[in-house]
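S.K.: Encoded as structure tokens, here's the structure I'll be asking about.
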Amino acid sequence: MQLRNFTFDTKKTYLGLVKLFLNKHLQFNQQKDISKQQIAEYLLSITSPTTRNQTHYTLIAFYREVVGQPDKLNGIPISKEPQKLPVVYSLAQIQAMVNTITNTKHKAMFLFQYCLALRVSEVVNCKLADIKRDRMIVNICQSKGLKDRQVPVEEKFLQLLELYYKTEKH
């Protein structure tokens, strides 16, 4: 995991999933003795398709890299995940949410996150230098998967951020 430059959270998740799997199969002296059928039954015991697939991919890597059985999970299909539509709020609902926030800093953070479709960690880690007013973009650095990206931003929102910065920071 170190060589593949996984993030701390990814390593923690993978190790946790392997630990859960091995704890369910303590009766085996060696991981290679766990049959493909038993692995499939374990995966089916996980109710969430997302968690099941994450566990599946973790076990593929575990058996390939650690146990030395790269084909152990061949033939066990990946679960199909439901494709859900996102919840889209009306303008009135968004305005009502914004109006309930009394703290200026929290209001700016909420609008920053909502308007630019950012993750909470991306909002928290954003620096003033990441906002490129001349190009109307915000640089999001080392986000999920250690990827950088650029997000377009509107003039009206930049004015709101400037107002917050002037009133709260100085």
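The values are calculated or read from the model by the stated rules, or taken from the named source; none is laboratory data. The structure displayed is predicted, hence computed values, not measured ones. All Cβ positions, glycine included, derive from the backbone under ideal geometry; neighbour counts span all protein chains shown. Calculation scope for accessible area: heavy atoms of the full protein, side chains included, ligands and nucleic acids excluded. Shrake-Rupley method; radii C 1.70, N 1.55, O 1.52, S 1.80 Å.
S.K.: Please return the ranges of helices (runs of 4 or more DSSP H) entirely within region 68-157 where 1 or more residues are under 23 Å from the mean Cα position of the chain (by Cα).
M.R.: Passing ranges, in order: 104-116, 120-125.
S.K.: For Tyr89, which of the numbered conditions (1) open to solvent by less than 50 Å² (accessible area, probe 1.4 Å); (2) under 30 Å from Tyr164 (Cα atoms) fails to hold?
M.R.: (1)
S.K.: Also, I was wondering about something else. Return yes or no: is Glu155 open to solvent by 50 Å² or more (accessible area, probe 1.4 Å), modelled with pLDDT under 90 and touching a helix residue (DSSP H, G or I) at 6+ places or on another chain (Cβ under 6 Å)?
M.R.: So Glu155 does not fit the description; no.
S.K.: Report the residue count in region 17-35 for those that are open to solvent by 80 Å² or more (accessible area, probe 1.4 Å), among the polar types (S, T, N, Q) and closer than 13 Å to Leu59 by Cβ.
M.R.: Residues in region 17-35 being open to solvent by 80 Å² or more (accessible area, probe 1.4 Å), among the polar types (S, T, N, Q) and closer than 13 Å to Leu59 by Cβ: 0 in total.
S.K.: Write out, first by first residue and then by second, each pair whose Cβ atoms fall under 7 Å of each other, whose residues are 6+ apart or on separate chains, and whose first residue, in region 74-103, is free of Cβ contacts under 8 Å to residues at least 12 places away in the same chain while the second is open to solvent by less than 100 Å² (accessible area, probe 1.4 Å).
M.R.: Short answer, once both residue conditions are applied: Ile101/Lys107; Ile101/Phe110.
S.K.: Answer with yes or no whether Glu65 is open to solvent by 100 Å² or more (accessible area, probe 1.4 Å) and of a type in the set (Asp, Glu).
M.R.: Here the answer is yes, as Glu65 does meet what is asked.
S.K.: Tell me, please, whether a residue that is assigned to a helix (DSSP H, G or I), in contact (Cβ under 8 Å) with a residue 24 or more places away in the chain and open to solvent by 80 Å² or more (accessible area, probe 1.4 Å) can be found in region 36-45. Show your work before the answer.
M.R.: As a first pass, look at region 36-45 and keep what is assigned to a helix (DSSP H, G or I): 36-44.
Then drop every residue that is not in contact (Cβ under 8 Å) with a residue 24 or more places away in the chain, which leaves 36, 39-40, 43.
When the remaining residues are screened for being open to solvent by 80 Å² or more (accessible area, probe 1.4 Å), the result is 36.
Yes: region 36-45 contains one or more residues that are assigned to a helix (DSSP H, G or I), in contact (Cβ under 8 Å) with a residue 24 or more places away in the chain and open to solvent by 80 Å² or more (accessible area, probe 1.4 Å).
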